[in-house]
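Here is the structure we will look at, set down as structure tokens.
The values are calculated or read from the model by the stated rules, or taken from the named source; none is laboratory data. Because the structure is a prediction, the values reported are computed rather than measured. A quick note on method: Cβ atoms are made from the backbone with ideal geometry, for glycine too, and the neighbour counts reach across all protein chains shown.
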Amino acid sequence: MAHVELDRLQACLNFALDTLRKELDNSQLPPLSQLSSVEHPLDDPTTYLPSTGLFEARRLSLACLGELKNLIQSPLDKCMDERFTAYGVSCTDTLIKTGIIDYLSDVPNPSQGVPTAELASKFELDSQKLVPILRCCAANGWVRETRDSSFALNRCARTFVEGNAGRRLNLSWPGLMTMIEGIPYWVAESDWKFSHSPEQTAFQIGFKTSLGAFSWILEHPDVLVPAADHLQVFGDMSTPSVVADYPWEQLETPVIVDCGGGMGGLVTAILDAHPSFRAIVQDMENVVALTSSIMEERRPRDIENGVLKVEAHDFFQPQPRIGNEYSFILRHIIHDWPDKEAATILGHIARALGPKSKILIVDMVAVPNIDATATTSVESFLTDGDAKRRDNSISSHFGSASKYVNGCSVHMLATLNGCERSLREWEILVRGCGLRITNVYPLRAHASIIECALDTRASL
């Protein structure tokens, strides 16, 4: 009896794991282990950039595992897994907010595990409540139950320790779950079900406000800092790849303008790698005051010499930096907004461009979930040119490995009526602003760089 799909997935997974093992060795990285109490370099994409082969092998491995699970898991079990996902989030949040994560990371022998009774006594909690919560975290791979009712952190959970990236990426604001639960009502029953306004979304329903998401955050200081932290880490996850994977030496303009550049982390990383450029960080007035003080402390010479400037600018207003001297970065900006607002932002910059200027849009490119194989993108990285092509049985969107992109797209939709766009949708948006896509650079991250320039052909 032929088990065609199962055999193909098994072959694809074996190939991906063999490649992963080889790439780990070639990169002189330690073996991956959940039993290790030490973070692995691959655990933090904000500080370590894997080889292209390693990045692709890991992505293909995850896609195979997800598709294998889809193939063999019963639909009812899959349904319950999905429904219980929210409890997994609440359980990790509980470990963070009680301080248990930090405590487990600081014990003298972190791999031995700590009895639940000790945790309950330390934090004045009920051990009968902690055991199910910790076991839920164990099922999701964050902790290990070393013996009955004793738990130790897995390596990956160290991202939640105070000061680490996963802790800062946390999005658990009061009202967020209500927003998520309200999406079916918003889409199917509300008066806004046909609205594309960023002020008529599931966010307004869940948070009981008439304000847009960004305006609401500015009025809530308790949310502002964690939201800013989240956005910074979200951006930092692609910074090493943006710096390494785009051909900056081909850029013909001497000045890079980072629109909505926040704390300036991206342009400072670019300047470190390519000191021939000058850079400008633009953001709203309430942001640039903090950015200026950070830059004056960290890069005083660049500020003094005019290599780096920080200036207030609202990208919904005309762009003041005009001409061939400037190219512009928009990182994780356009996906926030519906087409109308996105076109306004891009249109203002398009009208400021010179013939040599570029707009570099750093955002995800959503791949339609059609049943095409991913061999074209994967094989070019993972096999020699003469190697026989494999039928990987993995969709062009990498199946389950695309959950991040598609989950982010729904989050943008519910929050601001934005979304992650496919390449066709990017082309339509860009063309409507008098621009054309000159290249798309895949990154060793979830995002890509969509390089745009003035569409001079339109005026011929």
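Checking every residue in segment 7-20 against the condition of being acidic (D, E), more than 27 Å from the chain's Cα centre (by Cα) and over 22 Å from F160 (Cα atoms) gives at least one match.
As a summary of the residue check, Y185 satisfies the conditions (1) of a type in the set (F, W, Y); (2) part of a helix (DSSP H, G or I); (3) within 22 Å of the chain's Cα centre (by Cα) except for the one numbered (3). Somewhere in segment 289-296, is a residue modelled with pLDDT of 95 or more and within 24 Å of the chain's Cα centre (by Cα)? No, the conditions are met nowhere in segment 289-296. With respect to the conditions (1) part of a loop (DSSP other than H, G, I, E, B); (2) of a type in the set (S, T, Y); (3) modelled with pLDDT of 95 or more, S111 lacks only one, and its number is (3). If you filter segment 309-344 down to residues that are among the polar types (S, T, N, Q) and under 25 Å from D272 (Cα atoms), you find that the one that is surrounded by the fewest Cβ atoms within 10 Å (Cβ to Cβ) is N324.
For I180, the conditions (1) out of contact with any Leu (no Cβ under 6 Å at 6 or more places or on another chain); (2) surrounded by 13 or more Cβ atoms within 10 Å (Cβ to Cβ); (3) at pLDDT 90 or above; (4) farther than 19 Å from Y87 by Cβ all hold with the exception of (4).
Here G306, G347, G264 are screened, and the one residue that is crowded, with 20+ Cβ neighbours inside 10 Å and either in contact (Cβ under 8 Å) with a residue 24 or more places away in the chain or within 28 Å of H446 (Cβ to Cβ) (or both) is G264. Checking R321, R278 one by one, the residue that is of a type in the set (K, R) and more than 26 Å from A342 (Cα to Cα) is R278 and no other. In segment 112-137, of all residues being buried (at least 17 other Cβ atoms within 10 Å of the Cβ) and within 31 Å of the chain's Cα centre (by Cα), the one that is farthest from G99 (Cα to Cα) corresponds to C136. Among the residues of segment 149-177, those identified as polar (S, T, N, Q) and part of a loop (DSSP other than H, G, I, E, B) are S149, N154, N164, N170, S172. Filtering segment 396-414 to residues that are of a type in the set (S, T, N, Q) and crowded, with 22+ Cβ neighbours inside 10 Å leaves only S402.
Highlighted here are the helices (runs of 4 or more DSSP H) found entirely within segment 34-108 that include at least 1 residues which are of a type in the set (V, I, T), surrounded by 14 or more Cβ atoms within 10 Å (Cβ to Cβ) and over 24 Å from the mean Cα position of the chain (by Cα): 85-98, 100-106.
Here is a check on your reading of the model: is E199 of a type in the set (D, E) and within 22 Å of G88 (Cα to Cα)? Judged against the criteria, E199 is not a match. Among the residues of segment 36-89, those that are in contact with a Ser or Thr (Cβ under 6 Å, 6 or more places away or on another chain) and hydroxyl-bearing (S, T, Y) comprise S37, S51. Could you list, in sequence order, all residues of segment 418-460 that are part of a loop (DSSP other than H, G, I, E, B), touching a residue at least 12 places away in the same chain (Cβ under 8 Å) and over 24 Å from N406 (Cβ atoms)? Passing the criteria: G432, C433, G434, D455.
Restricting the first member to segment 26-40 and to residues that are on the phi < 0 side of the Ramachandran plot and touching a residue at least 40 places away in the same chain (Cβ under 8 Å), and the second to residues that are in a loop (DSSP other than H, G, I, E, B) and of a type in the set (D, E, K, R), no beta-carbon pair is closer than 9 Å while six or more apart or on different chains. The single condition from (1) more than 25 Å from D81 (Cβ to Cβ); (2) surrounded by fewer than 21 Cβ atoms within 10 Å (Cβ to Cβ); (3) in contact (Cβ under 8 Å) with a residue 12 or more places away in the chain that T201 fails is (2).
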